[in-house]
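Below is one structure; the comments refer to it alone.
The values are calculated or read from the model by the stated rules, or taken from the named source; none is laboratory data. Not measured: the values here are computed from a predicted model. FYI the Cβ positions are ideal-geometry reconstructions off the backbone, even for glycines, and counts take in every protein chain you see.
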Amino acid sequence: MSLDLENMTRSIVENLHQTWLYRAIEGWCRSDALELREELGLASFSITTSDPVEMYQKVKKHLLSKTFHDDETLQFLMDAPRWVGFTLEKDEFQSGQQVIGAARNEAIALLWLMAIPKLIIKPTVFPEDYPIDGIKIFISSLMSSDKTRDLLVHYMSKAMELRGIHDIVFEPNPIGRGYIIDDAIRPQRLRSLLALMIMRSTKHTYDLDKVFTLNEEQIVEEASAYIVSMQAKSMLKNQITGGVMLRPFDWPLIGNPKVCNGLFSTLNVLQQSTSKMVTCTTYTYETAEKQTPWSRSDFISFLIKEITEHYSEIHRIRHGKSKNTELDLFIELLTGENIKIAKRLLRADDPGTALFEELNDYKQKAKSGEKPQITPERRFRIVLSSLKQQVSEDKLEETSSNEVMDQINEAFDAIIGVVESHEKSLGDEAERFAQALCFETAYRILQLLDVGDALMDLPWVSRFVAEESARSDISTGEISNLDDEHRIKRIVSAYAGGLTYLILQNQN
């Protein structure tokens, strides 16, 4: 076990240059309490002039905000110790210097915990060769006890010295001076906190309540699975996008059987690791108020979506809003036929080769001008599902406004198709149905983007957009009066415009 732990720590140290978090750790390790006091503009080290807890949180937030620039992650790191039951006690500090030092040490420990999932596996290792047992040994040492954490610090320090890194401190425990909790629950709650940091770093979603129910063995297994699944998912994306020397899916290229088999090898590791996770909600869907794990077909469908999104990104970079008919049709075909393709690949003896053949077949169909046969309802579901996946994987701040707006316009265009396809059966209720569907769609999108409070402004903003649009069309002569012929399109357009305005306002 000691040899495995030593090998894992050596591997982490060798990978330090792979993440920007290391630069932040390096910088704060070299900053002493006096430098931080001057940087924050604190008058003195005296704790009589300010609340020690307030000073502690100010220092901690200052250090973390220099590294994490999205408010959600920053707030999580600030609040997580309190969530699991730890309380900052001001009487634990005798001087301002102690406050600043303790806050600095916690921030450094949190940075290390967020960095570990990104460093523990070398980027050149194929998923089928991931050192899963070694990862579990490392995570077990991290979570078991103060004694095992001390051993971990010893091996990390030794590995850093061998690499000529002498002034960087490895600190795996964010709970230091100032924090108090009942001794009876301290080990379990500390394990939960460490696990939450790792889970957060992987960007997978999780059920917080379930995390607290895991025993030591389960939480080691869980945290290890989060790391492996994150690395496998990242590798899958890298295999699709390629690198400087090799880009197998750089249109008009569609890979080859060997590359596609490699994708399925990685997908297998991703599925195996997620099957061991009991707290993760990323690879589940909700049915009848319960979470159902993804099936094999769902994972294959996910792979096809990743490939499709890669080609969509190529289209955006090369052509922007302009058309590339063959590539457009290829993307539409893969999107519309996703489920059918997944079902066929599920039955294939050699899914990698079968995937390449599917891509080649759809490329030929796109070349001949064939369009996918997608019902308006199916198109509507596809667009919303695509937007949900994109937003769940990326923070809103990291997602291009143009990308979000394009998806929203597609969703509302699909609504027009849905209403028109049922216009006869809806009769006089067509308008009301269109308004209800627009409102429900806007609500779901605002919730996805975490700006649900803006919904109350949607009716009046949409009405304003409709009035201005009609006034403009009449003044330019595009329409002579507000007849009923295009009324559904005007309703949908008004809601789409109102929603776009609200989202842009909240982004700013």
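Scanning the range 329-361 for residues that are in contact (Cβ under 8 Å) with a residue 24 or more places away in the chain, in a helix (DSSP H, G or I) and under 22 Å from Phe380 (Cα atoms) returns Leu329, Phe330, Glu332, Leu333, Leu334, Thr335, Gly336, Asn338, Ile339, Ile341, Ala342, Lys343. Suppose the filter is basic (Lys, Arg) and closer than 23 Å to Lys388 by Cα; does Arg444 pass it? In short, yes.
Check Ala223, Ala232 and return the single one that is closer than 22 Å to Glu313 by Cβ, part of a helix (DSSP H, G or I) and among the small types (Gly, Ala, Ser).
That would be Ala232, the only listed residue that is closer than 22 Å to Glu313 by Cβ, part of a helix (DSSP H, G or I) and among the small types (Gly, Ala, Ser).
Scanning the range 259-295 for residues that are small (Gly, Ala, Ser) and assigned to a helix (DSSP H, G or I), we see that the one that is surrounded by the most Cβ atoms within 10 Å (Cβ to Cβ) is Ser273. Would you check if Ile121 is in contact with a helix residue (DSSP H, G or I) (Cβ under 7 Å, 6 or more places away or on another chain), closer than 28 Å to Ser301 by Cα and assigned by TED's automatic domain parsing to the domain that holds Val53? Spelling it out, Ile121 is indeed in contact with a helix residue (DSSP H, G or I) (Cβ under 7 Å, 6 or more places away or on another chain), closer than 28 Å to Ser301 by Cα and assigned by TED's automatic domain parsing to the domain that holds Val53. Please indicate, with yes or no, whether at least one residue in the range 162-176 is within 22 Å of the chain's Cα centre (by Cα) and surrounded by fewer than 19 Cβ atoms within 10 Å (Cβ to Cβ). No, there is no match, as no residue in the range 162-176 is within 22 Å of the chain's Cα centre (by Cα) and surrounded by fewer than 19 Cβ atoms within 10 Å (Cβ to Cβ).
Considering only residues of the range 431-447 that are touching a residue at least 40 places away in the same chain (Cβ under 8 Å) and surrounded by fewer than 19 Cβ atoms within 10 Å (Cβ to Cβ), which is farthest from Asn506 (Cα to Cα)?
Top of the filtered list is Glu431.
Residues that are part of a strand (DSSP E or B), touching a Ser or Thr at 6+ places or on another chain (Cβ under 6 Å) and in contact (Cβ under 8 Å) with a residue 60 or more places away in the chain are absent from the range 154-161. Only residues that are hydroxyl-bearing (Ser, Thr, Tyr) and part of a loop (DSSP other than H, G, I, E, B) were counted in the range 71-111, giving 1. Among the residues of this structure, Ile304 counts as one that is more than 21 Å from Thr202 (Cα to Cα), in contact with a helix residue (DSSP H, G or I) (Cβ under 9 Å, 6 or more places away or on another chain) and aliphatic (A, V, I, L, M).
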